[in-house]
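Everything on this sheet refers to the single structure shown next.
The values are calculated or read from the model by the stated rules, or taken from the named source; none is laboratory data. Note that the structure is predicted; figures quoted are calculated from it, not measured. Cβ placement follows ideal geometry from the backbone for every residue including glycine, while neighbour counts extend to all protein chains displayed. Heads up: the accessible areas ignore ligands, DNA and RNA and are worked out on the full protein's heavy atoms, side chains in. Shrake-Rupley method; radii C 1.70, N 1.55, O 1.52, S 1.80 Å.
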Amino acid sequence: MTAGQNAARPNSAEQPWPVRTVAQKVAGWIDKLGTIWVEGQITQINARPGTRTAFLTLRDPSVDMSLQVTCSPQLLQQSGVPLTEGSRVIMFGKMTFWPGRGSLALRVTEIRAVGIGELLARLERLRALLAAEGLFDPRLKRPLPFLPRRVGLVTSRGSAAERDVLSVAQRRWPAVQFDVRHATVQGPTAVTQLIDAIEALDKDPDVDVIVLARGGGSVEDLLPFSDEALCRAIAACTTPVVSAIGHEPDSPLCDHVADLRAATPTDAAKRVVPDAVAELDLVDELRARSAAALRNWVRREEHVIAQLRDRPVLADPFRDLDRRNEEIERLQHAARRDVTRLISSQSSTLEHLRARLATLGPAATLARGYAVVQRIVPGSAPEVVRTLDEMPIGTQLRVRVADGAARAAVMGHERQGRSGQ
């Protein structure tokens, strides 16, 4: 039975396909992909002299994935830029499946090295994308702890950056603790190792701050620190991250995503760990300033109290009371004098009125020989008689004199100027 007949029949446990049929199907499917352009980073080159095929490994710099590549050795030799392990390239070729070995490889016919200008343009596009998503927003930056319990450090093994950070930090605060995670800081595996180290430190509850440190280098050397996956991993951290990559002019994208950008690894150590000597000096200075401020305040308050004491009201607090007492006594004396004078005046007036009343009153008149004649009317009070007509003959009278009264009756009349009965 031919391979075509095998492929046409149903596949089952009773009618399995032979290996050649599966291999031919896989080769046919892959052949339909056609020619493609692929970008990646060369991690391995095997081009032995005298061979007609060079073998390379092309790796994705962001994830742990790679492809096997084959090409003519002359293609590597004729490249305008020397191709070495770690070079970023763009390749053109076709995927090929080798049924005999069951292996898959990309057979390339053109290789282009990615230039600095193109790398920078891609970084700018990525920078704009991350900025638009808000990963660079200053409001998202978390403050660093004043005195971290433990500092997480991600750097390469035995690097100058590691020595600088540890030595400067321990000189500033000898009791500081570090959790150092070593990772490759350039090359095809750098991004994966850096992300793993950062995520491990972020999960440690004792780590209060993470420092990502690397010395200076070229644009190609610092490319892992501008990788999108690394930037997003830093943004996802719950622990504050300090980026100390390269020197002052270097500005990878992780500097903008991190909570704090340090100019150098040494500067990162100074930012993260306080200087014990400087802090103690500051405490002494603040104590001295506080004591001086307190003394000045006490002096000011004493001066205010002294001024208050010098005021007349406090120097002699009873002086106003004495003055008021004297004024009250003077007013009392004047009131008493005025009242006495008024009483004397009114007493004199009363005596004069009393004398006049005594002179003009009925008792005095009676004492001079006059009498008051009243007519007695039964059933009513006596009435004073003023004329003769009011007391006809026989009228009962009451005659009041100075020392008493007498009862009489009218016996006759005697008018003024002539006599009557």
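Just one of the listed residues (G93, G102) is more than 51 Å from the chain's Cα centre (by Cα), farther than 24 Å from C254 by Cβ and at pLDDT below 85, and it is G102. Among all residues of region 121-129, there is none that is in a loop (DSSP other than H, G, I, E, B), at pLDDT below 90 and either touching a Leu at 6+ places or on another chain (Cβ under 9 Å) or open to solvent by less than 30 Å² (accessible area, probe 1.4 Å) (or both).
Please verify whether region 60-77 includes one or more residues that are of a type in the set (G, A, S), over 31 Å from the mean Cα position of the chain (by Cα) and outside any strand (DSSP E or B). Walk me through how you get there before you give the answer.
The initial filter retains those residues of region 60-77 that are of a type in the set (G, A, S), namely 62, 66, 72.
In the following step, the residues that additionally are over 31 Å from the mean Cα position of the chain (by Cα) were identified as 62, 66, 72.
Now restrict to residues that are outside any strand (DSSP E or B): 62, 72.
The answer is yes, given that some residue of region 60-77 is of a type in the set (G, A, S), over 31 Å from the mean Cα position of the chain (by Cα) and outside any strand (DSSP E or B).
Taking region 227-338 as the region of interest, the helices (runs of 4 or more DSSP H) fully inside it that hold 2 or more residues being of a type outside the set (V, I, T), over 34 Å from the mean Cα position of the chain (by Cα) and modelled with pLDDT of 90 or more are 276-310. Of the residues R214, R232, R261, which single one is open to solvent by 30 Å² or more (accessible area, probe 1.4 Å), closer than 28 Å to P188 by Cβ and touching a strand residue (DSSP E or B) at 6+ places or on another chain (Cβ under 6 Å)? Testing whether each residue is open to solvent by 30 Å² or more (accessible area, probe 1.4 Å), closer than 28 Å to P188 by Cβ and touching a strand residue (DSSP E or B) at 6+ places or on another chain (Cβ under 6 Å) leaves just R261.
Within region 162-178, does at least one residue satisfy the condition of being over 35 Å from the mean Cα position of the chain (by Cα), open to solvent by less than 50 Å² (accessible area, probe 1.4 Å) and either in the same structural domain as P249 (by the TED database) or not hydrophobic (A, V, I, L, M, F, W, C) (or both)? The answer is yes, given that some residue of region 162-178 is over 35 Å from the mean Cα position of the chain (by Cα), open to solvent by less than 50 Å² (accessible area, probe 1.4 Å) and either in the same structural domain as P249 (by the TED database) or not hydrophobic (A, V, I, L, M, F, W, C) (or both). The residue that is least open to solvent (accessible area, probe 1.4 Å), among those in region 57-66 that are more than 15 Å from T184 (Cα to Cα) and polar (S, T, N, Q), is T57. Within region 364-406, can you find the residues that are loosely packed, with under 10 Cβ neighbours inside 10 Å and either part of a strand (DSSP E or B) or within 60 Å of the chain's Cα centre (by Cα) (or both)? Once the filter is applied, which keeps residues that are loosely packed, with under 10 Cβ neighbours inside 10 Å and either part of a strand (DSSP E or B) or within 60 Å of the chain's Cα centre (by Cα) (or both), region 364-406 yields only G404.
Every residue in region 174-193 that is modelled with pLDDT of 90 or more and hydrophobic (A, V, I, L, M, F, W, C), please. Passing the criteria: F178, V180, A183.
Residues in region 1-40 that are at pLDDT below 85, open to solvent by less than 40 Å² (accessible area, probe 1.4 Å) and among the polar types (S, T, N, Q): 1 in all. Being in contact with a Lys or Arg (Cβ under 6 Å, 6 or more places away or on another chain), under 24 Å from L223 (Cβ atoms) and surrounded by fewer than 17 Cβ atoms within 10 Å (Cβ to Cβ) is a condition met by no residue of region 70-86.
A54 meets each of the listed conditions (1) farther than 30 Å from C231 by Cα; (2) of a type in the set (A, V, I, L, M); (3) open to solvent by 80 Å² or more (accessible area, probe 1.4 Å) apart from (3).
Please verify whether T192 is of a type outside the set (A, V, I, L, M, F, W, C) and either open to solvent by less than 20 Å² (accessible area, probe 1.4 Å) or assigned to a helix (DSSP H, G or I) (or both), treating the condition exactly as stated. Yes; evaluated as a whole, the condition is true for this residue.
Each residue in region 263-291 was checked for being free of Cβ contacts under 8 Å to residues at least 24 places away in the same chain and closer than 27 Å to E220 by Cβ, and 2 of them qualify.
Please find, within region 147-159, the residue that is nearest to the chain's Cα centre (by Cα) out of those that are closer than 20 Å to D221 by Cα and open to solvent by less than 50 Å² (accessible area, probe 1.4 Å). My answer is L153.
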